[in-house]
Ligand code: KIV
Ligand code: ZN
């Protein structure tokens with residue numbers, strides 16, 4: 001018999017599905033499972049102090065429901081619950097949640113860990129897929145229902161014995177996406193009835209996990225919509241989503257399942273969790289934020305959050321992780337850099353044109369909203385374009401390279417980064433600018449230039465130039481109808497280069513008495529072509545003269 005190794009999962013038959021036509025307009029509630037699903041999957045799980053620091057971080061971000069462990073499974077988890085409660089570490093509006101299997105002694109132990117809690121969620125789970133029931137437990141559906149209902153009754157009675165605590169109940173049919181749906185609804189109905197306390201104000205949480213991502217995201221959404229439509233007590237349950245990322249689509253699955261009726265999302269920061277992890281809550285929440293939805297989670301200092309999580313988990317965050325990765329908002333390529341540069345300068349026009357304050361090419365959100373404004377959006381390597389290089393010089397060093405000079409600067413930066421064979425820093429870009437355009441090596445050195453207005457017509461200038469050519473000092477005198485033209489007329493015969501200067505750009509850097517002028521001068525060569533030089537001086541004419549000497553050295557270097 002030829003049995004294939006793999007088969008596509010049966011698509012869920014739902015011709016009248018509604019979710020594809022819906023749009024998300026409000027946020028789900030969030031439950032962090034970092035300290036349970038996330039922690040259990042770390043090569044080196046966190047110690048109690050690290051867990052406490054992580055817990056405090058989650059509270060600062062704004063999580064109101066935090067699964068803090070599996071207190072009946074290990075002494076460490078048990079002790080951590082006790083510590084949180086006894087040291088009064090739990091903010092008044094935060095529920096901590098503890099996981100348990102549907103086994104009497106484990107439930108008993110869970111409640112011991114919960115003693116004295118203000119707000120707690122007991123989370124019971126049982127696997128409901130035929131795969132698990134036959135291959136792992138050797139139980140049938142009936143046995144599963146009995147165990148889950150008995151567990152729920154026990155949880156109800158232990159919760160009733162703690163009237164001073166607000167104890168809620170969450171039930172998870174593990175492997176929901178591999179479970180027969182009518183059976184799952186029947187089981188959850190039995191759980192609801194056994195709990196018997198759910199109301200719209202204090203709903204039962206039904207957490208419907210994609211324990212292993214075996215299906216495409218649209219199947220998950222179909223199953224959630226079908227479940228919601230067929231569960232008889234919909235008003236008094238919260239439908240919770242819990243997606244794992246085995247096929248890399250947990251975020252998509254979660255978003256579609258929210259359209260299909262999910263009210264709450266369980267996941268972890270940056271997707272820590274078993275195997276390829278749980279859904280990344282930073283991505284889901286910021287995706288909603290990017291669509292103008294208030295999520296109640298504060299990621300305005302995302303780099304700090306990322307650094308803390310990296311330190312506590314011992315696991316680095318991938319460079320290209322959405323929102324948090326080092327390169328999440330970085331453009332290396334020239335066309336992207338150029339477009340970002342233009343877009344950032346034209347934000348006001350974009351606001352008018354698109355009716356929103358942020359619409360920038362290649363950046364779907366403003367990195368500043370995530371506390372990343374200080375970082376370089378544009379990074380330089382041999383692929384970088386002139387716009388990006390100009391942006392780095394302007395942003396980091398206050399140097400506004402004129403458009404006409406940018407191609408020449410790009411050539412120099414490209415040659416340098418090709419030689420280096422790596423990304424180059426903003427400081428290196430600035431050094432290239434200084435070494436190649438302000439102080440290039442070459443045969444000419446300015447000793448001095450003395451422009452003197454004519455005694456009868458002060459717009460007419462007599463200039464005296466002294467320069468060194470290959471170490472030999474030379475002097476020339478010439479006139480012109482301005483200080484620059486007098487200089488060009490005087491210097492041309494000394495350097496033996498036929499050039500003219502028609503125009504130049506200037507820029508002030510610094511303020512007050514310390515202000516300096518930067519002159520960017522294009523030297524038009526008689527033979528064709530333009531070469532730029534840049535000069536710096538407190539006097540603008542002297543800055544332009546220095547720029548001409550720099551340009552002449554560049555020309556000599558190219559010969
Ligand atoms: O992935 C899963 O199914 C779980 C359950 C315990 C909810 O983590
Ligand atoms: Zn899980």
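General observations
- Sole exception among (1) in the same structural domain as residue 532 (by TED's automatic domain parsing); (2) free of Cβ contacts under 8 Å to residues at least 40 places away in the same chain; (3) crowded, with 17+ Cβ neighbours inside 10 Å for residue 449, by number: (2)
- Some residue of the stretch 303-310 being farther than 16 Å from residue 369 by Cβ, free of Cβ contacts under 8 Å to residues at least 60 places away in the same chain, over 13 Å from the mean Cα position of the chain (by Cα) and surrounded by fewer than 14 Cβ atoms within 10 Å (Cβ to Cβ): no
- When residues in the stretch 251-261 are screened for being away from ligand 2 (no atom under 15 Å from the Cβ) and either outside the structural domain of residue 235 (by TED's automatic domain parsing) or more than 20 Å from the chain's Cα centre (by Cα) (or both), 5 of them pass.
- Subset tally (residues that are buried (at least 17 other Cβ atoms within 10 Å of the Cβ) and either farther than 17 Å from residue 147 by Cα or at pLDDT below 95 (or both)) for the stretch 92-108: 5
- Residue match in the stretch 495-504 (condition: in contact with a strand residue (DSSP E or B) (Cβ under 9 Å, 6 or more places away or on another chain) and assigned to a strand (DSSP E or B)): yes
- Residue match in the stretch 99-111 (condition: within 14 Å of ligand 2 (Cβ to nearest atom) and within 23 Å of residue 296 (Cα to Cα)): no
- Exclusive hit being part of a helix (DSSP H, G or I) and in contact with a strand residue (DSSP E or B) (Cβ under 9 Å, 6 or more places away or on another chain), set 63, 80: 80
- Qualifying residue in the stretch 181-201 (condition: in contact with a strand residue (DSSP E or B) (Cβ under 6 Å, 6 or more places away or on another chain) and within 16 Å of ligand 2 (Cβ to nearest atom)): no
Listed here are the residues, each with its yes/no results for (1) assigned to a loop (DSSP other than H, G, I, E, B); (2) surrounded by 21 or more Cβ atoms within 10 Å (Cβ to Cβ); (3) modelled with pLDDT of 95 or more.
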residue: 338; (1), (2), (3): no, yes, no
residue: 356; (1), (2), (3): yes, no, no
residue: 376; (1), (2), (3): yes, no, no
residue: 387; (1), (2), (3): no, yes, no
residue: 405; (1), (2), (3): no, yes, yes
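Results for (1) surrounded by 14 or more Cβ atoms within 10 Å (Cβ to Cβ); (2) away from ligand 1 (no atom under 16 Å from the Cβ); (3) in the same structural domain as residue 125 (by TED's automatic domain parsing), shown as yes or no for each residue.
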residue	(1), (2), (3)
19	yes, yes, no
42	yes, no, yes
51	yes, yes, yes
54	yes, yes, yes
57	yes, yes, yes
63	yes, yes, yes
77	yes, no, yes
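- Restricting 116, 143, 120 to residues that are closer than 18 Å to residue 78 by Cα and not in a loop (DSSP other than H, G, I, E, B) narrows the list to 120.
- The stretch 272-296, residues that are part of a helix (DSSP H, G or I) and surrounded by fewer than 24 Cβ atoms within 10 Å (Cβ to Cβ): 283, 286, 287, 288, 289
Every residue, every condition in (1) surrounded by fewer than 19 Cβ atoms within 10 Å (Cβ to Cβ); (2) without any contact (Cβ under 8 Å) to a residue 60 or more places away in the chain, yes or no:
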{"position": "511", "(1), (2)": "yes, yes"}
{"position": "517", "(1), (2)": "no, yes"}
{"position": "521", "(1), (2)": "no, yes"}
{"position": "536", "(1), (2)": "yes, no"}
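- Any hit, the stretch 216-227, residues being outside any helix (DSSP H, G or I), touching a strand residue (DSSP E or B) at 6+ places or on another chain (Cβ under 9 Å), assigned by TED's automatic domain parsing to the domain that holds residue 37 and more than 16 Å from ligand 2 (Cβ to nearest atom): no
The values are calculated or read from the model by the stated rules, or taken from the named source; none is laboratory data. The structure displayed is predicted, hence computed values, not measured ones. For neighbour counting, all protein chains shown are included, and Cβ atoms are generated from backbone atoms with ideal geometry for every residue, glycine included.
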